[in-house]
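This report refers to the structure that appears directly beneath it.
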C-alpha cells in the first residue's frame, strides 16, 4: 500500500480555525477505507482514533516550525505523498509530491493585522510552498481567486474543498445553557462573537457598534468569546474607553464541549471580519439554528448563502442596523435560524474527507 503522511502538528488542545479543520479532517479520513496507508503527525496530547499516529511534542510554535523546516523533512523519504494542512511546507527540498492547504491569504491582504515576525515567516515560506506543491487545496472559491491573483499560478492545480459543519446542533436544555453561562460569567440575554482576538476580526469596530446599540436602548450583553491572538490589547482598551466593562464579557478560550451551549444561548451571532478564507464560526452558529450577522466580504457569502443578514464591515451604522433588526424581531430570528440550519447541512466533513482522498488519487493513481 502506498504511504501517505498528513502533517497535523497545528492541532492542539486549544485549537481554533486551522487546528479544528485538521482535527476533523484527519478524524474523518481515518474512518474511510482507502487503498493507502495513511499516517498523521500529531502532538502527543491529542487523541485521534482510527488512524496511525506519529507523535511529536513541541513546547512552542517556534520549536515546531524549526522542526518542520529542519528535522522532519528527513522522515518524508519513507512516504509517497505528504499533505500539509496549512501553507507551511519545508524550504528544504523533500523530493516527494506534496499537497498544501491554504485557508486564506490574510497575511497578504491585511499585513498590518499581523505581528512583524509572524507575517515575515508566512511571506517567506508561502511562495515556496505554492510553487513546489503538486496540488493546493483551498477552503473557498474566494481563496482560490486570491491565490491565483497573488501568486500568478496555474489554477489547474488548485482544488476547492469546503470544510464541514460540526457534529452538534441547537441545545434546548435551558438548565445546561444556564450552567455554561455561569461558567463564563454571562448574565441575561447576549449577542455573541466567537473567534480568535486579532485585528482582522474587526472586534474593535464591533465594540463601537455595541456602544451605539446600548445608547439606543438594547439590554443584551456583548460576549466576546475566544482566546487572545495577537495585537489584541486595543480591544480591551476600547471597552474601557467606552465604559462598557459591565456589559462586555470576555470569556477567553471556549472549550469545544461548551461551544454548542454558548451558541444556543445567544440571540444573535455576529461575525463582521474584514477577511475570511472560509468562516467556521458562522457555520457553527447556523448549525445551532442561531441567526447570523456577517460581513458581505471575501468567502462569507459562500458559507452563509441567503440565510443571514449581510452588513458593511467598515460601517458602524450598517452593522448596528443588522444586529438591531434581529434582536427586535423574533419572527426574523426564527426564520433565519431555520434557514441557517438547513444551509449548514450542505457542509459535511465526510464529503470533505472524500474529496481530499480523491486528490490523493489524482497524484498517486
message: Among (1) closer than 26 Å to residue 279 by Cα; (2) in a loop (DSSP other than H, G, I, E, B); (3) out of contact with any helix residue (DSSP H, G or I) (no Cβ under 6 Å at 6 or more places or on another chain), there is one condition residue 10 misses while meeting the rest; what is its number?
response: (3)
query: Restricting attention to segment 142-161, does a residue exist that is outside the structural domain of residue 278 (by TED's automatic domain parsing), free of Cβ contacts under 8 Å to residues at least 12 places away in the same chain, on the phi < 0 side of the Ramachandran plot and touching a strand residue (DSSP E or B) at 6+ places or on another chain (Cβ under 8 Å)?
result: yes
message: If residue 35 meets every condition in (1) over 25 Å from residue 163 (Cβ atoms); (2) touching a strand residue (DSSP E or B) at 6+ places or on another chain (Cβ under 8 Å); (3) exposed (fewer than 15 other Cβ atoms within 10 Å of the Cβ) apart from one, which number is that one?
response: (1)
- prompt: When you scan segment 55-67, how many residues do you find that are in a loop (DSSP other than H, G, I, E, B) and in contact with a strand residue (DSSP E or B) (Cβ under 8 Å, 6 or more places away or on another chain)?
  reply: 2
field: Subset of segment 26-54 (residues that are at pLDDT 85 or above and assigned to a strand (DSSP E or B))
entry: 36, 37, 38, 39, 40, 41, 42, 43, 52, 53
message: Out of everything in segment 77-117 that is part of a helix (DSSP H, G or I) and touching a helix residue (DSSP H, G or I) at 6+ places or on another chain (Cβ under 8 Å), what residue ends up being nearest to residue 160 (Cα to Cα)?
response: 106
query: Quick one: in segment 183-200, which of the residues that are touching a residue at least 60 places away in the same chain (Cβ under 8 Å) and more than 15 Å from residue 252 (Cβ to Cβ) is surrounded by the most Cβ atoms within 10 Å (Cβ to Cβ)?
result: 191
- prompt: Looking at segment 279-299, which of the residues that are crowded, with 24+ Cβ neighbours inside 10 Å and in a loop (DSSP other than H, G, I, E, B) is nearest to the chain's Cα centre (by Cα)?
  reply: 279
query: Taking segment 271-291 only, how many residues are without any contact (Cβ under 8 Å) to a residue 60 or more places away in the chain and either under 26 Å from residue 107 (Cα atoms) or out of contact with any helix residue (DSSP H, G or I) (no Cβ under 7 Å at 6 or more places or on another chain) (or both)?
result: 2
query: Looking only at residues in segment 186-225 that are within 25 Å of the chain's Cα centre (by Cα) and assigned to a loop (DSSP other than H, G, I, E, B), which one is nearest to residue 113 (Cα to Cα)?
result: 198
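A quick yes/no check of all residues on (1) surrounded by fewer than 17 Cβ atoms within 10 Å (Cβ to Cβ); (2) more than 17 Å from residue 191 (Cβ to Cβ):
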| position | (1), (2) |
| --- | --- |
| 308 | no, no |
| 315 | yes, yes |
| 323 | no, no |
| 330 | yes, no |
| 339 | no, yes |
| 342 | yes, yes |
| 351 | yes, yes |
| 358 | yes, yes |
| 363 | yes, yes |
Members of segment 300-339 that are part of a helix (DSSP H, G or I), touching a strand residue (DSSP E or B) at 6+ places or on another chain (Cβ under 6 Å) and under 28 Å from residue 141 (Cα atoms): 300, 304, 318, 319, 322, 323
message: With the requirement that a residue be surrounded by fewer than 21 Cβ atoms within 10 Å (Cβ to Cβ), more than 17 Å from residue 317 (Cβ to Cβ) and in contact (Cβ under 8 Å) with a residue 40 or more places away in the chain, what does segment 211-227 give you?
response: 220, 227
message: Anything in segment 120-152 that is assigned to a loop (DSSP other than H, G, I, E, B) and more than 11 Å from residue 104 (Cβ to Cβ)? List them, or say none.
response: 133, 134, 152
field: Complete set of residues in segment 4-32 that are more than 25 Å from residue 196 (Cβ to Cβ) and crowded, with 22+ Cβ neighbours inside 10 Å
entry: 4, 5, 29
Which numbered condition residue 260 fails, given (1) in contact with a strand residue (DSSP E or B) (Cβ under 7 Å, 6 or more places away or on another chain); (2) more than 25 Å from residue 114 (Cα to Cα): (1)
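The values are calculated or read from the model by the stated rules, or taken from the named source; none is laboratory data. Every value quoted in this text rests on a predicted model; they were computed, and no experiment measured them. Cβ coordinates were reconstructed from backbone atoms using ideal geometry, including for glycine residues, and neighbour counts include every protein chain displayed.
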